[in-house]
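The structure appears below as structure tokens.
Quick note: the coordinates plus some simple rules give every number you see, no bench work behind them. Values in this document were obtained by computation on a predicted structure and should not be read as measured data. Here the Cβ positions follow ideal geometry from the backbone for every residue, glycine too, while neighbour counts run over all protein chains shown.
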Amino acid sequence: LPDYLPMVLEYAAVADPEGGEALLRQYRPSLELLRIGLEEDRTAATAGYAAVVAAVCATLPGASPKDRAAVQALVGGPPTESVGLDPYDPRLLPMAGGR
């Protein structure tokens, strides 16, 4: 998300405010982790970025989480893998006759 954040912000501001806000809400945990990381780093090089990301997070509904554990609670746990879990997928079995 950070690489595309300026584009998403422009999209939200110009093209589709409702769709852009929905995207930002969907990726809020990532934004909040970015905000926390930048605030923890607080060097001269990152100070401006920390303020910008904090301002973006402040526009989203609800309070920003205070720490990484609170962000993890927003996510609700690690993502689950749902692709390729069927061990008997017939497309993956060898063809009859050795071919």
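Hey, what D do you get for region 1-56 in µm²/s if you plug the Kirkwood alpha-carbon radius into Stokes-Einstein at 25 °C and 0.890 mPa s?
212 µm²/s
Using Cβ contacts closer than 10 Å as the measure, can you line up Arg28, Arg68, Arg35 from fewest to most?
By the 10 Å Cβ count, ascending, the order reads Arg68, Arg28, Arg35.
Taking Cα pairs under 8 Å and at least six residues apart, what relative contact order does region 2-75 come out at, in percent?
29 percent
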